[in-house]
Amino acid sequence: MKDARELLSSGTGPKAMSYDGSPGGPSTEAILAALAYVHHGLGRELMEALWWPESGARRREQLRQEVIGLVAPEFTRQMHALADARTSFGIAKACIGWTGGQTTEKQRRELRRTEQALDDARAAAWPNNTMEQLGVLAAAVINEMAGRCECPGCGGKKVVTDPDVSGVVKCPRCAGSGYDPFSGRRRAAAIGADCSAYSRFWRPVYEWMLASFSAAEARAVVQFNKALTQAA
Ligand SMILES: [Zn+2]
């Protein structure tokens, strides 16, 4: 059987709708019936946007809501973590010399700990204007998903054989995604940033979105595939 994504792509669309599927493959009706078994959510919206653009174009608002629903809670969590770390560092600083007494080793340790925690939270936090840039980021990530090719290192298998461990290991070239990632330069251009701004600020949120979107789409494809197989 053809790949489920290819089926969705070839079995829908204006050309496919004019006749009853391709010879030997499932009919357009069977494909649409199977699609109904795929849970609503980001994965399904992405699957339609990528492989059935006519439907995706009608569902832009749903896709937007799903993207916001995924990214906004993580952004809020990071902002809270940063605020908590800043508060703890401020308290540790204030405690030193609060009563005019000698600074204790315990207070110094707490100051170092909270300062490090604040640095870590700062380093992990996405840019402040992430939500303002969400539309641009999402479009670039979806465009990469649509245009990326199989990783030449592993042929899309996500793993490579490693004679040292006489087994398979995660493909180092694609970090186990199975796809050849776009270059930083290309991603930077897609989000309207320069290369250094991409790698300093935007790369973590871009890669997080790409990994999350890809996983959600892959889960939807599995459900779609299962429904198609069961119907066949
Ligand atoms: Zn690979």
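The values are calculated or read from the model by the stated rules, or taken from the named source; none is laboratory data. Bear in mind that the values here come from a model prediction, so they are computed numbers and not experimental data. Backbone-built Cβ (ideal geometry, glycine too); neighbour counts: all protein chains shown.
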Q) From the list R203, R219, which one is assigned to a helix (DSSP H, G or I) and either more than 17 Å from the chain's Cα centre (by Cα) or more than 30 Å from L32 (Cβ to Cβ) (or both)? A) R203
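Here is a yes/no grid of residues against (1) over 24 Å from A121 (Cβ atoms); (2) in the same structural domain as C151 (by TED's automatic domain parsing); (3) modelled with pLDDT of 95 or more:
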site	(1), (2), (3)
R173	yes, yes, no
G178	yes, yes, no
R185	yes, yes, yes
A188	yes, yes, yes
S196	no, yes, yes
W202	no, yes, yes
W208	no, yes, yes
S212	no, yes, yes
A232	yes, no, no
